[in-house]
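What follows is a set of notes on a single structure, which appears directly below.
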Amino acid sequence: MIYLQAENITKSYGDNVLFESISFGIEKKQKVALIARNGTGKSSLLNIITGADMADSGKIILKNDINISFLSQNPIFDNSKTVIEQVFNSSDKVIKTIKDYEEAIIENNTDKLQIASEKMDLYQAWDFEIKIKQILSKLKITDFSQKVAELSGGQKKRLALAETLIKNPDLLILDEPTNHLDLEMIEWLEEYINKLNISVLMVTHDRYFLDKICNYIIEIDNRSLYKYKGNYTYFLQKKDERINIQNANVEKAKNLYKKEIEWMRRQPQARATKAKYRIEEFYKIKEQTKQKIVQKELKLDIKTRRLGKKVLDVYNIKKAYDDLLLIDDFSYKFSRNEKIGIVGKNGTGKSTFLNVITGDIPYDSGKIETGETIVFGYYKQGGITIKPKQRLIDVIKEISESIELAKGKILSASQFLEYFLFPTEMHYTYTEKLSGGERRKLYLMTVLMKNPNFLILDEPTNDLDIFTLNVLEEYLTNFSGCVVIVSHDRYFMDKIVDNILAFDGKGRIKNFPGNYSDYRYYLDKLEKEKKTEIKEKAKPKQKEIKIKKQKLTYKQRLEIKDIEKEIELLEAEKLNIENELSTNTIKSEKIIENSKRLSQIIETLDEKEMSWLELSEIE
């Protein structure tokens, strides 16, 4: 069953044609990735599909009554709303009912709670509410009453993702969903989407995420669209084959063109008797000879300043904000050619640490010694600051009129833009017109053109296309200075880093040798060992059980019987309250009273069951 069909879609901005007469379909349960270079129309195509933008020509056909949920790369919010108002911003009656119920609880309004509870029963919304709260908690959204205006950029992106997921769509469309998620959230999102029995269309730079979710890839290249039935690895192989076949066909056309041009050069009288179709074929062959694909690849070969013996030494540094301890007594000596990855949940102090070692913010205690030859290149998570009416060429010239590459080659500002695959016709384009990925690439240029020998990259993979990431990975692998990376992109980390600094959120920073996959394997092994240990402790041996039973006193045996009776009565009361809460006749005052009692019963049951276990384990 086809959920979506795009037919002959064309989109351009002025003279810049993004794609031309492209067609594709998305079937039920199909999970599709859209791949293309920055600035070639990925987000534009998603906006056309969702109705946020119009195509120049062509049409989008959707299955009747299909429910689409779209995560935009730049979601729009109403800052006057609270989190609950924004996240439940839907006309769906079930979601609206849950919103009313949650607002009644926040307001402690018994009348509203009574009405909302009745509707929750009517629409069988209780299970759905649990599912929604699971999504919100996994994305670290817990304060429903907080104003959207008070959220950080990353929190807003996660709020938009939560809002997208809870709409229970038939077709889920995601534009860079892993941006602003930590590694734990990304791994949860992978698992969650894989379990959904829905269709997915996504743009992502995260190659592990892409490989684990998508089984079909569409690529926009040179204004055309190509389809690949497989994962990212399969796509890479088949893309190379496609280019080789296409170029081989062009060579054949050139050979045929040489023969046909002789025929065309004969006197008009000689050609007049020839078939008209042969003349038409000649012009087709001529056009085909121009279709050879020459892939323009970005090559990074920027000069690195000389690095002395001393790089950066950190001694017992500490940093806290009031009661929030982010760095506690941390020491480390950075070395030449070292590639360090920094991991940890959002809010554990990763960016703070980068700002401390670069001197952007002060630390509370300790000492930092920076080598005399150190030149930092700091790529910050916030990206480049766009000035109104500033052109690309002005951004580069503002820093330097000339840039030095390796082996002493000097480039002008204009040549440097071309070096980063910004064509001449774009050099005087206003920066606010760039795509998100193009802005990121421009920002990377401004960092590298200073010829740093200590590179610090805070979430460098956000919005960069896969092709640029491959080049950046190669450059960083061969970088002769020191590299420190904060990234949620596991593929990127695995290819570059040889050491991990793991932040636990309590100020402790653990040094772990290896890449991210090594570190993940270590954590998984620890978790399995811990579970096995708990299981073994909770599993008494048969012989021990007999001994324990024989050593119980008469009083203890009576106590066990009393506890068993109490547990039975509490379970019965718990069941009655749960049944009562599920009816439509109970008054709001009674709902609150029953809820409190249910909480007490659960707590008492836990205590009684623990007492029973302790008595049964007496030796």
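Where a number appears in this text, it was derived from the coordinates with a stated rule and is not lab data. Predicted model, so just to flag it, every value in this text is computed and none were measured. Cβ: placed from backbone, ideal geometry, glycine included. Neighbour counts: every protein chain shown.
Some points to look at:
- Cα→Cβ-extended label distance, 7 Å offset, between Glu593 and Lys561, nm: 3.6
- 5 angstrom amide H check on Gly341, placed H, neighbours 5+ away: Ile485, Asp498, Asn499, Ile500, Leu501
- Of the cross-linked pairs Lys339/Lys380; Lys318/Lys506; Lys350/Lys380; Lys28/Lys157, those separated by over 20 Å at the C-alpha level are Lys28/Lys157.
- Were the residues from Ile243 through Glu607 laid out at 0.36 nm apart, the gain over their Cα-Cα distance would be 124.2 nm.
- Put simply, when 338-344, 24-30 are sorted by average Cβ atoms within 10 angstrom per residue, most first, you get 338-344, 24-30.
- Protection proxy ranking of 331-337, 6-12 - average other beta-carbon atoms within 10 Å, highest first: 6-12, 331-337
- Unit charges on C-beta of K, R, D, E only; dipole of the chain, Debye: 3100
- Its convex hull of Cα atoms gives the chain a direction-averaged projected area, equal to a quarter of the hull surface, of 40.7 nm².
- Scoring 438-444, 307-313 by mean Cβ neighbours within 10 Å over their residues and listing the highest first yields 438-444, 307-313.
- Here r is the Cβ-Cβ distance between Asn89 and Leu324 and R0 is 30 Å; the resulting FRET efficiency, rounded to 0.05, is 0.45.
- Segment 222-237 residues near the modelled Lys29 label - backbone nitrogen below 19 Å, point 7 Å along Cα→Cβ: 229-231
- Cα convex hull of segment 1-118, projected area averaged across orientations, nm²: 10.4
- Ala406-Asp524 FRET efficiency (beta carbon distance; Förster radius 60 Å; 0.05 resolution): 0.90
- Spherically averaged projected area in nm², based on the convex hull that wraps the Cα atoms of segment 321-398: 8.1
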